[in-house]
1. Of the beta bridges DSSP finds with both residues in the chain, what % are antiparallel, to the nearest 5?
2. Mean 1/r over all different Cα pairs, inverted: what Kirkwood radius does the stretch 84-151 give, in Å?
3. What does the charge count around Glu163 come to, taking other residues whose C-beta lies under 13 Å from its C-beta (Lys +1, Arg +1, Asp -1, Glu -1)?
4. Run the quick spin-label model on Thr96 and Asn11: label points 7 Å from Cα toward the beta carbon, then report their separation in nm to one decimal.
5. Would you mind ranking Phe67, Phe144 so that the residue whose beta carbon has the fewest other beta carbons within 10 Å leads the list?
6. Just rank Arg186, Arg118, fewest to most, by other beta-carbon atoms within 10 angstrom.
7. In a Gaussian network model over the chain where Cα atoms closer than 10 Å are linked, find which of Ala29, Ala195, Ala132 has the largest mean-square fluctuation.
8. Quick check: net charge around Thr65, other residues with Cβ under 12 Å of its Cβ, Lys/Arg +1 and Asp/Glu -1?
Amino acid sequence: MRHPSVLVERNYPAMSRRAAVWIDAAIRAQPRLVLALPTGTTPIGVYARLVELHRQTGTDWSQATTFNLDEYAGAGPDHPASYAHYMQVHLFGPLTLAPQRRHLPNGLASDAAVEAARYEMEIDATGGIDLAVLGVGANGHLGFNEPGSELLAATHLAELSEETRRRNFPPASYPAMGAQPGIDDRRLRQQFHRAYTMGVGTIMQARRILVLASGEPKRAVLREALRGPVTPCNPASLLQLHRCVTLVVDRAAWGNDE
Ligand code: GLP
């Protein structure tokens, strides 16, 4: 097993810049790059810097292909809580990425098994993922592969843990996502209790993996993932089995001691 490269930056803006420069360089080196992309709060700064680099230096995204890691079941692209909406706002819109180059699971699909298989086939048709950019959930989840006794390899519909739903739909953050004030976060937690996610097999088949982590709440799970046993109780620990992982983290997520 090869150890991951770890790039520690002093704070969130520096971490975001470093990761964006890294991804931007990967696109320049390989314009037809196939990426897996995360959502959540962590990548927002990275996406903003990527857009800046695109505008300032002309990085050409027109031949890149993107696959998002996950999408809430029941969320259409117009729903402000959907990851399709998030990606449109933070990356796809500003980059003017052509619709045929970006992919997300269809949260409104009527048959989950068919939708999951379709997504896998689309990934396969591109020749597989070159670079998977990942966030890590505070419980170690990757995409929406939650800790548990079993992890599924391929894209599937996953039941979200109570903890993940509480984190993803906290009372205060929803208006900050641009939704109408007064929307009931409790209703969102009930409504979006399942999500399509790439499986851990799909993620682990990526040729390279870039992990983003920021903030003290990620520190323990990150340590355990990298130094503890490889276990489904911490899906991020599977990263120990991948040959080409780079982490870009800030000091709060990594600690000051190294
Ligand atoms: C969500 C996403 C994950 C993401 C995680 C971490 O649950 N499905 O792909 O990595 O959140 O989110 P944050 O960056 O907000 O901590």
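1. Values: 9 of 31 bridges.
Around 30 percent of the beta bridges assigned by DSSP in the chain are antiparallel ones.
2. On the way: mean 1/r = 0.0700 Å⁻¹.
Averaging 1/r across every pair of different Cα atoms and inverting gives 14.3 Å.
3. On the way: positive: Arg165, Arg166, Arg167, Arg189; negative: Glu146, Glu159, Glu162.
Spelling it out: positives minus negatives among the neighbours equals +1.
4. 3.4
5. Values: Phe67 22, Phe144 25.
Fewest-to-most Cβ neighbours within 10 Å comes out as Phe67, Phe144.
6. Working: Arg186 10, Arg118 16.
Ranking Arg186, Arg118 by Cβ neighbours within 10 Å, fewest first, gives Arg186, Arg118.
7. Between Ala29, Ala195, Ala132, it is Ala29 that shows the largest mean-square fluctuation.
8. On the way: positive: Arg32, Arg101, Arg102; negative: Glu122, Asp130.
Charge balance in the 12 Å sphere: +1.
Bear in mind these aren't lab numbers, they're just calculated from the coordinates by the rules spelled out. It should be emphasised that the depicted structure is a prediction, and the values quoted were computed from it without experimental measurement. Cβ coordinates were reconstructed from backbone atoms using ideal geometry, including for glycine residues, and neighbour counts include every protein chain displayed.
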